1. Has the stretch 797-807 got at least one residue that is open to solvent by 70 Å² or more (accessible area, probe 1.4 Å) and more than 20 Å from Phe737 (Cα to Cα)?
2. Select from the stretch 284-300 the residues that are aliphatic (A, V, I, L, M), open to solvent by less than 10 Å² (accessible area, probe 1.4 Å) and closer than 14 Å to Thr613 by Cα and write down the one among them that is nearest to the ligand (Cβ to nearest atom).
3. Going residue by residue through the stretch 418-425, is there one that turns out to be under 30 Å from Glu496 (Cα atoms), open to solvent by less than 40 Å² (accessible area, probe 1.4 Å) and more than 16 Å from the ligand (Cβ to nearest atom)?
4. If you scan the stretch 453-482, which residues turn out to be in contact (Cβ under 8 Å) with a residue 12 or more places away in the chain, more than 16 Å from the ligand (Cβ to nearest atom) and of a type in the set (S, T, N, Q)?
5. Quick check on this structure: which one of Glu103, Glu92 is without any contact (Cβ under 8 Å) to a residue 40 or more places away in the chain and acidic (Asp, Glu)?
6. Identify, please: which residue in the stretch 511-537 is among the hydrophobic types (A, V, I, L, M, F, W, C) and over 16 Å from His467 (Cβ atoms) and is, among those, nearest to the ligand (Cβ to nearest atom)?
7. For the stretch 538-546, check the following and say yes or no: at least one residue is more than 16 Å from the ligand (Cβ to nearest atom) and either more than 30 Å from Leu453 (Cα to Cα) or of a type outside the set (Gly, Ala, Ser) (or both).
Amino acid sequence: MRLNRNCLFFILSFCYVKGVDKGNFKSCEQSSFCKRHRATRETPSAYIADLKSLSLHKERAFIDVINVEANIPLTLEIIALHNYAFRIKIQEKNGLRKRYQVENALVREPETAPIILLEKKDDHIVLGLDAVNRMVIQGNPFRLDLFNKDGHVITMNGRGMFKFEHYRTRKTLPEEIPMEHNPETDSQIEPLDAEEVQQTSEEPPAEVPVNNDAEETEPGMWEEDYKSHHDSKPYGPSSFGVDLSFPGSNHVYGIPEHADSLALRDTLNGDPYRLYNLDVFEYELWSPMALYGAIPFVMAKGKEGAVGVYWQNAAETWVDVRDVPGGGVVSSLMKLVSGGASEPGPHKEVHFISESGLMDVFFLLGPGPKDVLQQYTGLTGVTPLPQMFAIAYHQCRWNYNDQEDVQFVHENFDKEDMPLDVIWLDIEHTDNKKYFTWDPIKFSDSLGMMKNLSDKGRKLVTIVDPHIKRDSNYFIHKDCEANGFYIKDTNGKDFEGWCWPGSSSYPDFFNPAVREYWKEQYAFDKYHGTTKDVYIWNDMNEPSVFNGPEVTMHKDKLHHGGWEHRDVHNIYGMLVVDSTFQGLMARGENKLRPFILSRSFFAGSQRYGAIWTGDNGAEWGHLQVSIPMVLSLSIAGMAFTGGDVGGFFKNPETDLLIRWYQAGAYQPFFRAHAHEQTRRREPYLYDETTKDIIRQAIRQRYALLPYWYTLFYENEKTGIPPMRPLWLEYPKDSDTFALDDVYLLGDSLLVRPVTESKATSVKVYFPSDESAMTIWYDVETYETFTGRGYKSIEVDMYKIPVFQRGGSIIPKKLRPRRSSVLMQHDPYTLVVALDEEGKASGTLYIDDGESFDYREGKYVYGHLDYQRGKLSFRFLDAGRYSDASWVERIIVAGLRLKPHKIFAQIQGTKDHVELDFKYEAKMHILTIRKPKLPMNYEWHLQFY
Ligand code: NOJ
């Protein structure tokens, strides 16, 4: 069937006017496995761990866990990991079918560590990474307790919600056989053989299980309908879930993507948070509904420390969050093991429920929030340093109509002196939604268009979606069809769905040959009309299927290896981007850093570039929620994220647009975008004042590019994201644990964007260290704010409340330019903000801004330090970069005494050069002009 353009408009316009239709998306009640798990009765658990079955190896242990009601043995595998983490896997011991193990999320197989048997008693076993970081396995009922230096930090199955639906054969035949099967693909999934289950128990194997499932005929176990869609469920139920409590932790964060507060809310009176990658138009705010991406990672934050859980599963997953008033997780055994643990006070508990796949869980023992982030990104990877242009300003719209329009847009940015690095082309630039092609009339000379952009140092991003138009003249379709590259229907035929081009099929990125094929399409001799300045946007990769259940793929469709879509859904989008990444690497001959924006994502997607928060709306609430959304992504490893500036749907009022630019300028990914039915809203179209305010906001972004760039470099090295919740830097300041309107960039800038209509003042929370009172300097006026708590800050339309921490040094570039490339050789301004003791420090990272040469040591990474009248610049490591520019201005804020003289000395020279300066006594600001200090040498200034 063909979806014509009117029909597409209907779908879009409908949502455009009304916002999300919740009725198009399942609630837990409508999802049979979620409902079954939520109804699991609490303790006593139906599961026991047969501790006698323990089989201990160097770095792992195996124990049988038995479902005593159904008499089904499971294997619990415990793996000790390097860097304070345990991994556990649970699956059937004699399974009828192999479970899908996520393969693409981890950077590599994690490094294991020796496992120590600390104690073995009849009722419990203690396994340790060392004497402190350990896991207690209790036999009856089955539960796990984890300890770190702060004591008891995680309990699994304390409430007895563990439920594992083993694969089984259907006892009663359905009245009607639901779907035809394809014997060919069905047989690709073999039952587990003994070795695969790692049957290592030294005990005799458990008796052949007797399947006495009372729940056999519960609705939705063997087939399930949602609206007009039928899920044939040929393998029956396979879900599992368990409760995880965090004694000592009052807050849990993570499990993006949801349009909700950063601190996760109790979900008992509504739906759980849902992780299922979906294409949701103008989504509901402050809601646990699923969105485009899923990262099954939570961080639990206690008074000081933090721990994390990474639930590695790509199937549909629901997560209940519960505020436990107190008690509940300390058994008498625990008291014994921990030397008298007392009942915890109020704390958080989560209940993870996944539809299929392997139960594969990582417990990250911190003990601090940054340690947890490092443990998590150690497993799933970090965002590689983006090119400089990628962290500058992007101008997008659905659509820039033709090459003349593109020219018009960037010329107007120039006319208005507004910096711009990237123009984006949405789906209409293609020849009838055939990706990797150009509309032959509107973009007849894409290379000419590219030349004009490149001459100004600008780039282009084109969209490449993973639904392929079923058009027998389209080369991609021909190749995919001929090679069997598409995802298959239950009858073995290519699956056909509707998306932008009408009838479409979807390449199966789980097939390595498809990934290789997709990669090759980016080569210059295949993707014609593009140059090295063209980068890629992968959209609709959840995947979006307009006529599929919940606008996505049916769960019983089949992938390479015989896996059902059910098993792999949340990882599909990441594999699309992985293939694009490989394509851009190859096209840039492994020299140029790729840039890709993706809508869908999973754990590990951070390794391929940026994501954005999808189809938001031009409403104040959407601007407000962008902050906790980006923070939540940041603490789940996605360092490079942002929302559509201005709001995708609807037309923003001018004041909303202004405030959005100001907020966007201080989020990692900074792109304006708009729906095709909105009015044009490029910033040059507005009145003089509005233009000026937006120009200033974009310029503030450009001025801070050296700082952003340094933060991204440090993120690649450490996994700590550029945009941070306050508690990441002030883990003991409990007033920071649930803030959604304020955040830090690095550890030095506090940002509280104005996100309220007609605001004349905003309340800003200033965090502080316990030991010292942090001073915060307004970055424009240098007014200081000291002491923990809220302060009211007056704001006019120009004002973006941003404060520099006393004790920090921030590098900036203040010469306005058209694009970041043109700033490359511009000199630096260093802003030194002194703390109470008159000290400050910071870092600066410099390289060519585009290539991988930095990985060969072609960079400068330096430490700036001011104390006792001496400002020094020292290299932090062996990296060297000759083209590193120089310092044209140094501003020192908070200097109480005017120096008499200042001398500079550059490494390798004997000269002490006297410098010119100005001192403002009232504000305690010193400005050194033209010190001409090179950044490719070490140097210091001495204040006398
Ligand atoms: C959906 C995306 O979310 C949106 O940003 C884009 O403009 C449209 N698809 C059209 O490609």
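The values are calculated or read from the model by the stated rules, or taken from the named source; none is laboratory data. From a predicted model like this one, the values you see are computed outputs, not experimental measurements. Neighbour counts run over all protein chains shown; Cβ positions are idealised from the backbone, glycine included. Ligands, DNA and RNA are stripped out before the accessible areas are found, and what is left, the full protein with its side chains, is counted by its heavy atoms. Shrake-Rupley method; radii C 1.70, N 1.55, O 1.52, S 1.80 Å.
1. yes
2. Filtering first and then ranking leaves Leu291.
3. No, because not a single residue in the stretch 418-425 is under 30 Å from Glu496 (Cα atoms), open to solvent by less than 40 Å² (accessible area, probe 1.4 Å) and more than 16 Å from the ligand (Cβ to nearest atom).
4. Ser454
5. Exactly one of Glu103, Glu92 is without any contact (Cβ under 8 Å) to a residue 40 or more places away in the chain and acidic (Asp, Glu), namely Glu103.
6. Filtering the stretch 511-537 for residues that are among the hydrophobic types (A, V, I, L, M, F, W, C) and over 16 Å from His467 (Cβ atoms), the one nearest to the ligand (Cβ to nearest atom) comes out as Val534.
7. Scanning the stretch 538-546 turns up no residue that is more than 16 Å from the ligand (Cβ to nearest atom) and either more than 30 Å from Leu453 (Cα to Cα) or of a type outside the set (Gly, Ala, Ser) (or both).
Results for (1) open to solvent by less than 10 Å² (accessible area, probe 1.4 Å); (2) under 27 Å from Phe297 (Cα atoms); (3) assigned to a loop (DSSP other than H, G, I, E, B); (4) charged (D, E, K, R), shown as yes or no for each residue.
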{"residue": "Val545", "(1), (2), (3), (4)": "yes, yes, yes, no"}
{"residue": "Tyr572", "(1), (2), (3), (4)": "yes, yes, no, no"}
{"residue": "Gln624", "(1), (2), (3), (4)": "no, yes, no, no"}
{"residue": "Pro652", "(1), (2), (3), (4)": "no, no, yes, no"}
